[in-house]
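Everything below concerns the one structure shown next.
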Amino acid sequence: MSKVKTTFFCQNCGTQHTKWLGQCHACKEWNTIVEEVVIKEEKSGWKPSNSGHKKASKPLKIKEIDSTKEVRLNTTDNELNRVLGGGLVPGSLTLLGGEPGIGKSTLMLQIALKLPFKTLYVSGEESQKQIKMRAERIDNTTDNCFVLTETNTQNIFKQIQEIEPEIVIIDSIQTLHTDYIETSAGSISQIRETTAELIKYAKETNVPVILIGHITKDGAIAGPKILEHMVDTVLQFEGDRNHVYRILRAHKNRFGSTAEIGIYEMLGSGLREVANPSEILILHREEELSGTAIASTLEGMRPLMIEIQALVSTAVYGTPQRSTTGYNAKRLNMILAVLEKRAGFRLGAKDVFLNITGGISVDDPAIDLAVVAAILSSNEDIAVGKDVCFAGEVGLSGEIRPVNRVEQRIQEAEKLGFSTIFVSKYNKIATKFPGIKIVLVSKIEEVAEQLFG
Ligand code: TYD
Ligand code: MG
């Protein structure tokens, strides 16, 4: 009989230790080290029928390597394709993370139902009936999608050999377990082993595998950090559960850029791709209200117009309140300090609330200028014209700094029918934009002067 082997794993970061410790010396968390049984005598999760004669790879000169463009599987979802960098790469492992209830299963099932390829959707969380009910809501039924409710990887591989799918989706990695390890599903060693088996399968058969992963309360993908290192692509599905918009981002992408985002709207019938995000993020209203300003931001390569709302009012209590949604609170404090010190606006005793509509959060510094405009507009109670927008970063001395790819931002504003855009004087603009007036500003006083005279 083989000896039972145990090791100690930190449940927070996944580091392996030889003995129990109170504190993990890798991540410095206390009380996270747990003993787990590992059996590794006869190890192989994925056994293809014709294995055994695998050619060992040889070194090649870089010139000799075939550089013809790699094939990508079109997922028929434009947002997902863009985030992946053009589609799924054969043999790749993609991890989709997100908070519970954000719509990961919905997104994946929806894609599985639309795919023109034979797809296997493995669910360890829901019954086939539940998945069918969900599929009926989405109503996009094809004959290509197989649903399997199973959590044991050996059984999954058995079914895979029979069905021979072209894409495999696993919902979720935390529910899987392999026979070769004796810990409960969701433990560090199970996650690592089952992922390793799936990687082996994907690389040997060239079938792309998508894993769904849960997220812990502080935003990390539950399970070891190494899970993120093992896979090729890490996607994050985020958004506010109270809002209908969801954003898909790549945190890591071995085959493309991580700058792209995909935007979806959660409807009663599944997720809708939002092709033109600017239109939904700006409320179209008739009257002009004080305290709002439109910013031109870039998410990935896409220009995006967002609405900033500010409310400035006299503080009721001694300490004025500052609160933000979607914008960095420290940055708001900095902007208020700049407005006070450099432009003489008395905001120190005022409550300031700032909100980016649509529930999205933006860290592009180019929205600073719109933040300034919204705050001043609320403070003066004078509306900024509704066809005016802004793109500029605010520096500590109150200067308006240039932003990257300004022409692309101006072009988007022009396309959406804005009549005026405020940008930094230091931005070099070579192209002519006949449809939009470009106001060049270098200091925040000038902005206030131009807007409220
Ligand atoms: P789900 O995909 O189960 O989330 P996750 O897998 O990330 O935990 O999404 C569940 C939420 O989505 C749930 O609150 C219901 C909502 N929903 C819709 O609004 N419309 C739909 O068509 C579907 C299928 C779900
Ligand atoms: Mg789910």
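The values are calculated or read from the model by the stated rules, or taken from the named source; none is laboratory data. Just so it is clear, the model here is predicted, and its values are computed rather than measured. Counting neighbours? That spans all protein chains shown, and the Cβs are built from the backbone with ideal geometry, glycine included.
Would it be correct to say that residue 193 is away from ligand 2 (no atom under 16 Å from the Cβ), charged (D, E, K, R) and in contact with a strand residue (DSSP E or B) (Cβ under 8 Å, 6 or more places away or on another chain)?
Considered against the rule, which asks whether it is away from ligand 2 (no atom under 16 Å from the Cβ), charged (D, E, K, R) and in contact with a strand residue (DSSP E or B) (Cβ under 8 Å, 6 or more places away or on another chain), residue 193 comes out as yes.
Which residue pairs have Cβ atoms under 9 Å apart, sit 6 or more places apart or on different chains, and have a first residue in segment 90-103 that is farther than 21 Å from residue 202 by Cβ and a second that is within 10 Å of ligand 2 (Cβ to nearest atom) and at pLDDT 85 or above?
If the second residue must be within 10 Å of ligand 2 (Cβ to nearest atom) and at pLDDT 85 or above, the pairs left are 98/104; 98/107; 98/212.
Name every residue in segment 119-128 that is buried (at least 17 other Cβ atoms within 10 Å of the Cβ) and away from ligand 1 (no atom under 13 Å from the Cβ), in order of residue number.
Hits for segment 119-128 are 119, 120, 122.
Return the residues of segment 415-437 that are crowded, with 18+ Cβ neighbours inside 10 Å and either not hydrophobic (A, V, I, L, M, F, W, C) or not in a loop (DSSP other than H, G, I, E, B) (or both); say none if nothing qualifies.
Those that are crowded, with 18+ Cβ neighbours inside 10 Å and either not hydrophobic (A, V, I, L, M, F, W, C) or not in a loop (DSSP other than H, G, I, E, B) (or both): 421, 422, 423, 424, 427.
Any residue at all in segment 305-312 that's among the β-branched types (Val, Ile, Thr) and either out of contact with any helix residue (DSSP H, G or I) (no Cβ under 6 Å at 6 or more places or on another chain) or within 16 Å of ligand 1 (Cβ to nearest atom) (or both)?
Checked against the condition, which is being among the β-branched types (Val, Ile, Thr) and either out of contact with any helix residue (DSSP H, G or I) (no Cβ under 6 Å at 6 or more places or on another chain) or within 16 Å of ligand 1 (Cβ to nearest atom) (or both), segment 305-312 yields no hits at all.
Out of all the residues in segment 60-117, which are charged (D, E, K, R), surrounded by fewer than 22 Cβ atoms within 10 Å (Cβ to Cβ) and within 16 Å of ligand 1 (Cβ to nearest atom)?
Matches in segment 60-117: 77, 99, 114.
Need the failing condition index for residue 131 against (1) surrounded by 18 or more Cβ atoms within 10 Å (Cβ to Cβ); (2) closer than 28 Å to residue 226 by Cβ; (3) within 16 Å of ligand 1 (Cβ to nearest atom), just the number.
Looking at each condition in turn, residue 131 falls short on (2).
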